[in-house]
Amino acid sequence: MISVPFDDRDGVIWLDGAFVPWRDARLHVLSHGLHYGGGIFEGIRVYDGRPFKPVEHFQRFHDSARELNFRIPFSAAELDGAMRETLRQQGIADGYVRPVAWRGSEQISVSGAGTSVHVAIAAWEWPHVFAGDAHSRGIRLHTSRWRRPSPATAPVQAKAASLYNICTLARDEAEAAGCDDALLLDFRGYLAEATGANLFLVIDGALHTPTADTFLNGITRQTVLSLAKDLGISAHERHIQPGELRRADEVFLTGTAYEVQPVRAADGHSFEIGSVTTMLSKAYTDLTRSGQGHGGPRRPG
Ligand SMILES: Cc1ncc(COP(=O)(O)O)c(C=O)c1O
C-alpha cells in the first residue's frame with residue numbers, strides 16, 4: 001500500500017539544525033551514506049503529544065552512530081528539543097518521529113574518513129504498521145531464507161540502514177508468499193526476530209524470547225519484559241529452535257511501530273490471541289498513554 005510519497009508532503013523537516021520546507025529536505029546523489037550504507041536511524045512513537053522513551057531512543061541513536069564509526073554533531077538534549085519543535089510545527093499528537101543521520105558527499109570511497117555527518121528529524125501521523133484490522137486480528141509470518149548476520153559480520157546492535165536491506169528482501173519475499181511479515185532466523189539457525197520487531201512465544205503460560213545477541217535488543221522488548229515481571233509472568237531469554245514455534249500457544253511481536261502485535265500464524269501453524277498477549281498488549285497500551293516513561297513536556301505547543 002503506497003500513500004502520498006514521502007518527498008511530496010506539506011510541512012517542515014529539521015535538517016542539520018534548521019527547519020526547511022518538507023520538499024526541500026534533500027541530500028546529494030553522491031552521498032557516502034547512500035553508496036556505502038553509512039546511515040543510521042531511529043523510530044519514536046508519539047502518544048497524545050508525548051514522545052515515548054525519547055531518552056532511550058536518542059541514546060541508541062548516538063550508540064548506533066558510534067558503532068558505525070561516526071559521531072552525531074548534536075547532543076541528545078538538542079535532538080530532543082528539535083523533535084519537540086518538529087512535533088509542534090507539524091501539529092502531531094499521535095504519530096511517529098524519524099531521526100536519521102548519514103555520511104555526506106565529501107568523497108566517493110569506501111573510507112569514511114573526513115565525511116561530514118548530516119542529521120534530520122521528520123514526524124508524521126501514523127496509526128499502525130499493518131493496514132485494516134491486522135493489528136487486532138493478528139498477522140501471518142513467513143520464515144525467510146535470509147538470516148540475521150553474526151556480530152562478527154555486521155554491527156548488529158546498531159539501527160543501521162544497511163542492515164535493513166536484509167529485512168526488505170525478507171519482507172518482500174513474505175508478502176509475495178501472501179503473509180504480512182517475515183520471521184528471520186539468525187546465522188546459527190535460531191529464531192531471531194521479524195523485519196522491524198522482536199519476537200515472543202508463550203509456552204505453557206510463560207514468555208520465551210530469543211537472546212538479543214544478533215539483533216536489536218528493542219526498547220519495546222525491554223519494556224514488555226519489565227511489564228511481564230510486574231504482572232508476575234515468568235520470562236525466559238534464551239536461544240530458541242525454530243521447531244519450538246509448534247509448541248507455542250501464543251506468539252507476538254514487539255516494536256516501537258508494531259507495539260504488541262499478535263501473530264495468528266507462522267508458516268501455516270496457527271496461534272491463538274490468548275490471555276498473555278492480551279494482558280501485555282493492554283499493559284503496554286496503558287503505559288504508553290499514561291505519561292510515564294515519556295520525559296519532557298506533556299504536549300507540543
Ligand atoms: C529490526 C528491528 N528489530 C527490532 C526492533 C524493535 O525495536 P524497538 O522496540 O526499540 O522499536 C526494530 C524497531 O526499531 C527493528 O527495526
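We did not get these values from a lab; they are worked out from the coordinates using the rules stated. Because the structure is a prediction, the values reported are computed rather than measured. Heads up, the Cβs are rebuilt from the backbone with ideal geometry, glycines too, and the neighbour counts pull from every protein chain shown.
A few notes on this one:
- Contact order relative to length of segment 100-218, as percent, for alpha carbon pairs under 8 angstrom and 6 or more apart: 21 percent
- Estimated Rh, segment 155-235: Kirkwood, alpha-carbon pairs, angstrom: 13.8 Å
- For the chain, the equivalent ellipsoid built from the Cα gyration tensor has semi-axes of 32, 23, 18 Å, listed from largest to smallest.
- Estimated 222 nm signal from helices in the chain, with DSSP H stretches of n ≥ 4 weighted -39500 (n - 2.57), rounded to 500: -7500 deg cm²/dmol
- Taking the C-alpha atoms only, the angle from helix 54-67 to the longest principal axis of the chain is near 80 degrees.
- Restricting the calculation to Cα atoms, segment 162-301 yields a radius of gyration followed by a Dmax of 15.4, 51 Å.
- Once backbone amide H atoms are built at 1.01 Å from N, ARG289 has no partners under 5 Å, excluding neighbours fewer than 5 places away on the same chain.
- The local environment of GLY112, defined by Cβ-Cβ distances under 10 Å, has a net charge of 0 under the rule Lys, Arg +1 and Asp, Glu -1.
- Tail fraction, Cα-Cα pairs, segment 12-124, threshold 23 Å, whole percent: 27 percent
- 3J(HN,Hα) from dihedral phi, segment 199-205, Karplus parametrisation 6.51/-1.76/1.60, rounded to Hz, x for glycine, proline: 10, 10, 10, 10, 10, 6, x
- Angle in degrees between helix 275-288 and the longest Cα principal axis of the chain, rounded to the nearest 10: 30 degrees
- Averaging Cα coordinates gives a centre for segment 101-144 and one for segment 230-301; these two points are 22 Å apart.
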